[in-house]
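I have placed the structure first, in the form of structure tokens, so that the comments after it can refer back to it.
The numbers here are math on the coordinates, done by the rules we state, and not lab data. Not measured: the values here are computed from a predicted model. Note: ideal-geometry Cβ built from the backbone for every residue, glycine included; neighbour counts use all protein chains shown.
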């Protein structure tokens, strides 16, 4: 059985971020959290991650810019986008930039886990091919 | 009675006489001039003059009708533009609201899920953790309430109530409110108010909101020992101008275009709803004016408001 | 235009009674309430044109009272009074529909000016809504 994926959480909302980290850790995942796009990029440069959960609406470097930067500099991890609202236009752009899944807040923990596993499976499948 | 003022004085003349009358009047004048001249010069010339008169009648009539149609089309498209702008901004607003409300909802769900987990385990859950979770739920509900209440205010489509407004009085009243906050930061609050500033037709409480908001932002942006300057003066085209300038941190260039967007905020989570400047912008537009911002990061910002002295009675 | 009806809501008894006395001397029809709930009762029972409302009161504070007044009688104009400037409640009050926000001590002439302007605004709005 494959190891559980290493997860990086990126969300500026502190309480949300800490809660999700706590709950995923309780399920056995290895989780790190970053409070901004810039912090996320720094973290990605330090360690390898399998799945990134990325909030779209952040002050400073916003979600789209962060997504673009991540896919450019650290294309390996799969990115799941977290959003309170997904408009069709935004969704198109987000998919085009390379995100694989959406999570609409508020999202039940089971849905988060399910999508993380799907994304991780995809990464493994991708790596097996190469 | 609406006073329409057109750029062309000729068109004004036509409107005053009643369009058709002027057309025929002009053509009639031409006929009166042309025919006797033509008759004196010969029947061919008379015919030519008559044709010329008829042509001018048709041409001028057509030009006037086209101008009228064009004007009506422009009014219609202005209205449509306004409506589509409103709809676009409502769309943006909805997206903004959804995001804003879903954040507290997301946290509430997390807290509740976590509490459910705690209660599933065999040993009794930690009282402090339980209390903290429940308290956070209450906290987030209050936050969501703020958002919806602010939203209702923002969306309130109230016609401005037009009265004669002494702008300087408003500026003085609002600056006196923020004086203490400014003093605490050793900020110099300078007022340069034109003594002969004309009374303007506007909505005083709405203007108070705007001025207070700008002053508050200026104080927050300015460090110790800085300066905030408020200027009022009469401006050309029968307008007045109010400026709120600060020597504060300034606004980064990439944010300037979004600064009046609803829910746009650079403040950390929970501090500021991001509605303040968008409300100000909405108010000034509704009052027939314009608000623009210039800023240099590290040097300061300047908000300039222009308002018409008189309002078209529809409050535009 | 001085035929308007005022309600002053302030828990500071001396201040409230002084204002009432001095405005009555100028032939203004004015009543007083020492707290939010009492004010709301009176607003239900009578037709006031302008309400002068203290921001800081024990129990139901000025902002909450303002909210309730605007729900019951949205066309009544409210002038907020404060012992020390709180810019936040000023902004909040005016966003909630307060006509003005004034610091104590307030010169009686200034208050009269503001009352007249507030009353004028009410008259205009009543015309709109006919």
TODO: Evaluate the distance, in nm, between pseudo-label points positioned 7 Å from the Cα of residue B:176 and of residue B:255 along their respective Cα→Cβ axes.
DONE: 3.3 nm
Open item on the list: Using only the Cα atoms of region B:104-239, what are the Rg and Dmax in Å?
Closed with: 23.9, 78
Task: Average beta-carbon neighbours from other chains, 10 Å sphere, peptide A:58-64 - done: 2
- [ ] Could you check how many percent of all C-alpha pairs in region C:5-128 are farther apart than 18 Å?
- [x] 46 percent
- [ ] Report the full-extension gain for the segment residue C:29 to residue C:88: residue separation times 0.36 nm, less the Cα-Cα distance, to one decimal in nm.
- [x] 18.1 nm
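Rounded, prolate or oblate: which one fits region B:107-146, using the alpha carbon gyration tensor with axes a ≥ b ≥ c (rounded when a/c is under 1.5, else prolate when a/b beats b/c, else oblate)?
Numbers: a/c = 5.30, a/b = 2.23, b/c = 2.38.
Oblate shape, in that a/c is at least 1.5 and b/c is the bigger or equal ratio.
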- [ ] Can you pull the one-decimal nm distance between simple spin-label points at residue B:131 and residue A:92, each 7 Å off the Cα toward Cβ?
- [x] 5.3 nm
Task: Calculated FRET efficiency for the pair residue B:118/residue A:18, C-beta based, R₀ 22 Å, to 0.05 - done: 0.90
Task: Neighbour-count order for C:77, B:233, fewest beta carbons within 10 angstrom listed first - done: B:233, C:77
Open item on the list: Using all alpha carbons of region B:163-308, what is the percent of pairwise distances in each 10 Å bin, ordered from the shortest bin to the longest?
Closed with: 12, 43, 36, 9, 0
Open item on the list: Within region C:62-91, name every residue whose backbone N is under 18 Å away from a label modeled 7 Å from Cα of residue B:183 along the Cβ vector.
Closed with: C:82-88
Task: Computed Rg/Rh of chain A, alpha carbon atoms with Kirkwood Rh - done: 0.93
Open item on the list: Expected output is a single nm value to one decimal: the length gained when fully extending between residue B:47 and residue B:192, i.e. 0.36 nm times separation in residues minus the C-alpha distance. What is it?
Closed with: 45.1 nm
TODO: Tell me the label-point distance for the pair residue B:235, residue A:113, using the 7 Å Cα-to-Cβ offset, in nm and rounded to one decimal.
DONE: 6.0 nm
TODO: For each of A:49, C:119, B:119, count neighbouring Cβ atoms within 10 Å of the residue's Cβ, then give the residues from fewest to most.
DONE: B:119, C:119, A:49
- [ ] Sort C:54, C:109, A:11, C:49 so that the residue with the fewest other Cβ atoms within 10 Å of its own Cβ comes first and the one with the most comes last.
- [x] C:109, C:49, C:54, A:11
Task: At R0 = 60 Å, FRET efficiency that the Cβ-Cβ distance of residue C:14 and residue A:127 yields, to 0.05 - done: 0.15
